[in-house]
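Engineer: Have a look at this one before I ask anything.
Read-outs: derived from the displayed coordinates by stated rules, not from any lab. Just so you know, these numbers come straight off a predicted model, no measurement behind them. Positions of Cβ are backbone-derived with ideal geometry, glycine not excepted, and every protein chain shown enters the neighbour counts.
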Amino acid sequence: MNDQQRQQSESTGRPGSFLCSEEHVPQRARFPVIDAHNHLWANWEGVDAVVRVMDAVGVVAYCDLTANLELAWVERGYAFEVRPFDDFLKHAVQRYPGRFYGFTMARFAHPVGKPLFTDHRRFVAECIEMLQQHVVQGARGLKLLKELGLHYVDGEGRLITADDPRLAPIWAECARMQIPVLIHQADPYGFFQPVQPENEHYSTLLKYPSWSFCDARYPSFETLQHHYRNLVRRNPDTTFLLPHMANWPEKLTYVGDWLDECPNAYCDFSARIDELGRQPYSARDFLIRYQDRIYFGTDMPASEAMYRCYFRFLETYDEDFIPPDYDGTFGRHRWRIHGLGLPDEVLRKLYHENALKLVPGLARDVGDRIKTTKQEK
């Protein structure tokens with residue numbers, strides 16, 4: 001048992017492993033990387049540290065999906081407050097040109113305890129106006145958190161679903177402006193099941209109790225997926241980015257059927273390499289089959305160890321290693337994972353080529369850096 005395995009055994013209470021296998025941990029990604037799903041958490045003092053990590057591991061660009069929101073980890077999960085999009089431009093983009101880009105939540109950056117709208121026409125008009133303003137300033141897309149579908153209600157207290165027709169003009173405007181919509185719906189399947197030891201997410205839900213949605217107040221996981229897919233199906237001219245493998249990596253056949261049905265849908269695997277890494281044969285086949293529809297993201301605080309684990313998962317055939325937790329730490333894990341050993345042509349697409357195609361203006365901003373990084377390698 002090596003030191004990491006011993007530490008993990010002590011911290012999790014799980015038995016260690018006596019398996020003897022070689023480790024091949026890439027210090028830098030094989031090709032330049034765009035982390036197209038992450039957050040800066042309004043930690044402007046930490047931007048320099050993020051850039052140092054990026055430089056050390058080969059990440060050329062980093063997307064702050066909630067660039068007009070201040071996120072913070074709290075005891076039971078996360079909390080957020082609205083902030084000016086200008087802050088992100090000032091503290092990240094202007095200080096490090098070409099290294100950071102952001103999405104806006106526009107008017108969807110809204111307190112959970114208040115109705116999202118009482119007058120939907122006014123909300124839609126104001127949302128589109130703010131979205132247009134932020135796009136002019138440099139926003140690359142629209143981001144929605146899982147609060148839509150789970151928490152947000154209208155003025156009469158009715159839950160607003162992702163496919164609510166009152167929101168349709170917003171998706172149409174995104175199509176007109178040719179910007180993608182990244183929308184998080186539901187959460188891991190286990191978060192909607194009873195919080196008991198038999199639930200494979202039991203330790204996670206004990207750590208972050210607010211992540212449990214096994215309650216009659218919330219729609220079922222399947223209901224949320226139904227509205228999610230309807231949204232994408234009904235707006236074929238809008239590009240939708242489905243994070244976390246559409247939040248159903250445990251059922252890749254479903255995700256594949258969705259991608260087959262909706263050519264306007266794309267996925268990332270952020271914070272889900274644990275789910276994919278326990279089914280390495282199926283996951284490898286899936287990522288190769290849909291190599292043009294999937295892009296790289298982590299959704300975890302930037303660290304060299306975290307990124308190198310992602311690279312190890314994608315690039316090597318290493319077996320039985322420990323993935324990071326949802327918050328990017330290595331202090332707790334539910335199972336060990338296996339590497340996929342993806343071909344170079346697939347790695348290039350996942351690492352940066354697909355993001356360059358999906359995000360308007362990104363090729364102009366980071367293209368030269370990608371070429372330079374390739375020459376260095």
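Engineer: Can you pull the one-decimal nm distance between simple spin-label points at residue 233 and residue 137, each 7 Å off the Cα toward Cβ?
Structural biologist: Here the answer is 3.7 nm between the modelled labels.
Engineer: Now for a separate question. Mind ordering 260-268, 346-354 by average Cβ neighbours within 10 Å, highest first? Walk me through the intermediate numbers first.
Structural biologist: Working: 260-268: 18.3, 346-354: 22.7.
Going from most to least packed, we get 346-354, 260-268.
Engineer: 222 nm [θ] for the chain, helices only, -39500 (n - 2.57) per DSSP H run of 4+, per residue, to 500?
Structural biologist: My calculation for the chain gives -10500 deg cm²/dmol from helical runs alone.
Engineer: Now, a different point. Given labels modelled 7 Å from the Cα in the Cβ direction, how far is it in nm from residue 72 to residue 52?
Structural biologist: So the two model labels end up 2.5 nm from each other.
Engineer: Can I ask one more? Just name one of 367, 110, 206: the one whose Cα is farthest towards the positive end of the charge dipole of the chain (beta-carbon charges, Lys/Arg +1, Asp/Glu -1).
Structural biologist: Farthest along the dipole direction, towards plus: 367.
Engineer: Here is a follow-up. Just to be sure I understand the model, the point goes 7 Å from the Cα along the line to the Cβ. What's the resulting residue 79 to residue 282 distance in nm?
Structural biologist: About 3.9 nm, to one decimal.
Engineer: For residue 222, put the label point 7 Å out on the Cα→Cβ axis and report which residues of segment 228-249 keep their amide N under 11 Å from it.
Structural biologist: Within reach of a label on residue 222, which here means backbone N under 11 Å from a point 7 Å along Cα→Cβ, segment 228-249 contributes nothing.
Engineer: Treat every Asp and Glu Cβ in segment 112-160 as -1 and every Lys and Arg Cβ as +1, leave all other atoms uncharged, and give the resulting dipole magnitude about the Cα centre to the nearest 20 debye. Don't skip to the answer; put the middle values down first.
Structural biologist: Numbers: 7 positive and 6 negative charges, 38 e Å.
Here the size comes out at about 180 debye.
Engineer: Of the listed peptides 108-117, 275-284, what is their order by residue-averaged count of other C-beta atoms within 10 Å, with the highest listed first?
Structural biologist: 275-284, 108-117
Engineer: Another question, then. Could you calculate the contour length gain from residue 25 to residue 335, that is, 0.36 nm times the residue separation minus the distance between their Cα atoms, to one decimal place in nm?
Structural biologist: That works out to 109.7 nm of additional length.
Engineer: Let me know the Kirkwood hydrodynamic radius for segment 119-165, please, with Cα pairs as the basis and the value in Å to one decimal. All intermediate terms of the calculation are to be shown ahead of the outcome.
Structural biologist: Details: mean 1/r = 0.0828 Å⁻¹.
It is 12.1 Å.
Engineer: Quick one: Cα centre-to-centre distance for segment 172-221 and segment 310-377, in angstrom?
Structural biologist: Centre-to-centre distance over Cα atoms comes out at 24 Å.
Engineer: Over the Cα atoms of segment 141-238, compute the convex hull volume and normalise it per residue, giving Å³.
Structural biologist: Hull volume over Cα atoms, normalised by residue count, gives 104 Å³.
Engineer: Follow-up. Across segment 250-309, how large is the tail of the calculated P(r) beyond 14 Å, expressed as a percent of all Cα pairs?
Structural biologist: 59
Engineer: Compute the length gained on full extension between residue 319 and residue 257: take 0.36 nm times their separation in residues and subtract their Cα-Cα distance, giving the result in nm to one decimal.
Structural biologist: Taking 0.36 nm per residue and subtracting the Cα distance, the gain is 19.4 nm.
Engineer: Give me the orientation-averaged projected area of the Cα convex hull of segment 24-376, in nm², one decimal.
Structural biologist: Numbers: hull surface 65.0 nm².
Computed as one quarter of the Cα hull surface, the answer is 16.2 nm².
Engineer: Another question, then. In debye, nearest 20, what is the charge dipole magnitude of the chain about its Cα centre with +1 on Lys and Arg Cβ and -1 on Asp and Glu Cβ, if you could check?
Structural biologist: Result for the chain is approximately 580 debye, rounded to the nearest 20.
Engineer: Please identify which residues in segment 221-260 have an amide N closer than 16 Å to a label point set 7 Å out from the Cα of residue 159, following the Cα→Cβ vector.
Structural biologist: Answer for segment 221-260: 221-231.
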